[in-house]
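First the structure, in the form of structure tokens, and then the observations on it.
The values are calculated or read from the model by the stated rules, or taken from the named source; none is laboratory data. Please read all numbers here as calculations on a predicted model, not as lab measurements. Cβ placement follows ideal geometry from the backbone for every residue including glycine, while neighbour counts extend to all protein chains displayed.
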Amino acid sequence: MLSGAAILFGMAIGYAGWRGLRRTLPRNRFFGVRTEQTLRNENAFAVANQVAGLPNLVAGVVMLLVGVLSLFVGSSSVALTVLLVGIVAAGLVAVAGGVQGAKAAALVPDEPEPARGGCAGGCCGSLCGKAEGVTA
């Protein structure tokens, strides 16, 4: 039971890491680095998950391998030990990647606010020359 959970969870973490590394992981409720800094805009989320992508991919592969390995170990106590050590190691790698991703997201500048009004700060229509004292 625990072996199967490790295999499935490893596949999910590895897939999320692979998508993050390629910057194709969409913002969602379940996967990726989700902090206040990473969720403030799309670019911050993409950068954080790209930085955390390789550690998460490695953590997923480790968890997948540990799950498969534990199926072939003869003793149940050895299998449980292998699983626990592997899951803790993979978790530490994933957390370290998440911390680095959150730090990277904090360095991403905020997206500028969209300009208000129809002119975006420039001259509008026929008022442009008159506002500056220039005749058309």
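Couple of notes before you dig in:
- Every condition in (1) more than 26 Å from residue 110 (Cβ to Cβ); (2) not in a helix (DSSP H, G or I) holds for residue 36 except the one numbered (1).
- Scan of the stretch 63-79 for residues that are more than 26 Å from the chain's Cα centre (by Cα) and crowded, with 18+ Cβ neighbours inside 10 Å, ordered by number: 70, 79
- Qualifying residue in the stretch 42-62 (condition: surrounded by fewer than 21 Cβ atoms within 10 Å (Cβ to Cβ), more than 19 Å from residue 103 (Cα to Cα) and in contact (Cβ under 8 Å) with a residue 12 or more places away in the chain): yes
- From the list 96, 115, 120, 89, the one residue that fits, being at pLDDT below 95 and within 30 Å of residue 49 (Cβ to Cβ), is 115.
- When residues of the stretch 10-32 are limited to those that are surrounded by fewer than 18 Cβ atoms within 10 Å (Cβ to Cβ) and over 12 Å from the mean Cα position of the chain (by Cα), the one nearest to residue 67 (Cα to Cα): 11
- Residue match in the stretch 70-78 (condition: touching a residue at least 60 places away in the same chain (Cβ under 8 Å) and in contact with a Pro (Cβ under 9 Å, 6 or more places away or on another chain)): no
- Flag if residue 65 is touching a residue at least 24 places away in the same chain (Cβ under 8 Å), out of contact with any Lys or Arg (no Cβ under 7 Å at 6 or more places or on another chain) and in a helix (DSSP H, G or I): yes
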